[in-house]
Amino acid sequence: MARGERLAGDPQFRKRIENYSAYLSAKGWFHSIELADGKVIPGLISIEELRERIAAFPIPADQRGKRILDVGAWTGWCTFEMERRGAEVTAMDCVELEEFHEAHRLTGSKAKLLILDVEELSPETAGRFDYVLFFGVFYHLRNPLLGLEKICSVTREAAFVESYVTDSWASEEERNRAPCLLEFYEGAELGGQLDNWCGPNTNCLLAMCRSAGFARVRLENTVAGRARITCFRHWEPPDPNPSQAAPVIRGAVNNRTNDIRFHPGKDEYVCLYFESAERDLRLDQMRVEVDGMGAPSLALADRGQGSWQANFRLPPGLESGIHEVRLRTVNSAFSDCCRIENTAVSG
């Protein structure tokens with residue numbers, strides 16, 4: 001992509017998408033598919049391109065014992081590749097494609113297929129997965145942050161996100177300085193497609209992944225108008241020899257009700273009160289966990305005399321019941337635990 005090129009409203013980009021659509025209408029295959037005998041069914045996306053994308057993420061070569069969800073599976077190359085690596089794979093798409101079923105048969109796949117919109121995704125409708133592939137779907141969502149929360153809710157370890165971004169042409173320094181910006185496309189501004197709803201810049205996509213509930217997010221690279229991001233549900237391993245004493249938790253309560261009960265679907269926040277001997281704590285040093293899942297802190301307040309308050313949202317996907325909250329900083333051991341309750345009872 002040329003420096004500064006804007007794809008939304010660009011006639012050349014629209015023509016390129018029209019050519020892609022014509023190709024798919026004529027041949028029907030989006031992904032190229034490798035068969036057991038070495039033959040390849042050619043598709044719009046080559047085997048080399050598909051392998052390059054997978055290689056951009058820290059996806060283990062050995063997936064035995066892992067459960068993987070491939071969201072937006074389309075023809076299914078990623079599904080079959082993860083299956084080849086030993087995983088139990090579920091493919092998910094919003095439409096049922098005959099090409100997927102044919103590729104499934106030709107490759108001898110045992111992968112399960114779910115027909116769901118991202119907004120319908122939950123642990124109840126799909127289960128939970130060690131890894132989730134979320135390639136080329138984000139910008140098709142009318143409710144993109146909700147969609148990322150849905151992805152987070154079914155992820156145990158990490159989700160791998162690839163999306164169109166508006167600033168892949170920019171230098172790393174320019175991207176780092178940029179504010180979080182999201183373009184909204186009411187009609188067919190992006191590539192002439194009605195289902196292209198939004199275009200984030202890279203900083204915005206990173207921020208939305210964090211806001212969706214992932215503990216850590218890491219930009220792997222940007223290429224050809226796309227950003228690749230790894231989203232982790234856990235914090236980095238703690239220092240085995242921490243330099244600071246563990247914080248002491250004094251309580252964790254609902255910001256609205258001041259009790260320990262939280263209600264799914266409501267925009268509620270946990271107020272975590274703790275004491276720490278560390279001075280000048282920063283927000284980016286907080287490592288809050290709920291049942292072992294990392295929870296990014298949204299605000300940190302110094303209440304004086306070693307007392308602090310950190311606010312955070314409950315991690316997506318928590319079941320109803322009692323959950324344990326604990327805290328460390330980047331320099332300390334973990335605190336003791338306190339309990340909160342996630343309940344389906346409203347009011």
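Only the coordinates and a few stated rules stand behind these numbers; no lab work does. Quick caveat, the model's predicted, so the values are computed rather than measured. Heads up, the Cβs are rebuilt from the backbone with ideal geometry, glycines too, and the neighbour counts pull from every protein chain shown.
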Over every pair of different alpha-carbon atoms in region 11-232, take the mean of 1/r and invert it; report that Kirkwood radius in Å. 17.9
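Can you figure out the FRET efficiency of residue 115 with residue 221, using R₀ = 25 Å and their beta-carbon distance, to the nearest 0.05?
Values: r = 32 Å, r/R0 = 1.26.
About 0.20, to the nearest 0.05.
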Give me the angle, in degrees from 0 to 90, between the Cα long axis of helix 11-27 and the longest principal axis of the Cα atoms of the chain, rounded to the nearest 10. 70
Under the Karplus relation with 6.51, -1.76 and 1.60 and θ = phi - 60°, whole-Hz ³J(HN,Hα) for region 103-110, x at Gly and Pro, equal 5, 4, 5, 5, 8, x, 5, 10
C-alpha long axis of helix 202-211 to longest principal axis of the chain, angle in °: 50
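Sort 185, 139 by Cβ crowding within 10 Å, fewest neighbours at the top.
Working: 185 18, 139 24.
With the sparsest Cβ surroundings first, the list reads 185, 139.
Calculated FRET efficiency, residue 106 and residue 146, Cβ-Cβ r, R0 45 Å, to nearest 0.05? Present the calculation step by step, with values, prior to reporting the outcome.
Working: r = 36 Å, r/R0 = 0.80.
With R0 = 45 Å, the Cβ-Cβ based efficiency is 0.80.
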Between the modelled labels at residue 266 and residue 181 (7 Å from Cα along Cα→Cβ) the distance in nm is 3.8
For q values of 0.19 Å⁻¹, compute log₁₀ I(q)/I(0) with the Debye formula on a Cα-only model of region 248-342, without solvent. -0.83
Testing the spin-label approximation: label points 7 Å from Cα along Cα→Cβ at residue 171 and residue 319. State their distance in nm. 5.2
What are the ³J(HN,Hα) couplings of region 125-137, residue after residue, when phi is run through the Karplus curve with 6.51, -1.76, 1.60 and θ = phi - 60°? Round to Hz, x for glycine and proline. 8, 10, x, 10, 9, 5, 10, 10, 9, 9, 9, x, 10
How big is D, in µm² s⁻¹, for region 107-201 by Stokes-Einstein at 10 °C and 1.306 mPa s if Rh is the Kirkwood radius over C-alpha pairs? 105
Report, by chain and number, residues whose modeled amide H sits under 5 Å from the one on residue 234, excluding near sequence neighbours (fewer than 5 apart, same chain). 215, 216, 294
So the number of lysine pairs in the chain with alpha-carbon atoms under 26 angstrom apart, 8 or more residues apart or on different chains, is 12
For region 60-73, just list the computed ³J(HN,Hα) in residue order, Karplus coefficients 6.51, -1.76 and 1.60, θ = phi - 60°, integers in Hz, with x standing in for Gly and Pro. x, 5, 9, 10, 4, x, 9, 10, 10, 10, 9, 8, x, 5
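Ignoring everything except DSSP H segments at least 4 long, calculate the 222 nm mean residue ellipticity for the chain; use -39,500 (n - 2.57) per segment, divide by total residues, nearest 500. All intermediate terms of the calculation are to be shown ahead of the outcome.
On the way: 8 runs with 74 residues, N = 347.
-6000 deg cm²/dmol, from helical runs alone.
Taking neighbour counts of Cβ atoms within 10 Å as a proxy for exposure, in what order, fewest first, do 66, 112 appear?
112, 66
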If amide hydrogens are placed 1.01 Å from N in the peptide plane, which non-local residues have theirs closer than 5 Å to the one on residue 261? 254, 341
Fewest-first ranking of 54, 229, using other Cβ atoms within 10 Å as the exposure measure: 54, 229
Run the simple label-point estimate for residue 46 and residue 234 please: 7 Å along Cα→C-beta, distance reported in nm. 3.8
Between the Cα axis of helix 144-153 and the main Cα principal axis of the chain, the angle (0 to 90°, nearest 10) is 70
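Region 71-142: which GluC sites (Glu not before Pro) are DSSP loop and have at most 11 other beta-carbon atoms within 10 angstrom?
Details: sites: 81, 83, 88, 96, 98, 99, 102, 119, 120, 124; in loops: 96.
Answer in residue order: 96.
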If the chain between residue 282 and residue 62 were fully extended at 0.36 nm per residue, the gain over the current Cα-Cα distance would be 75.4 nm
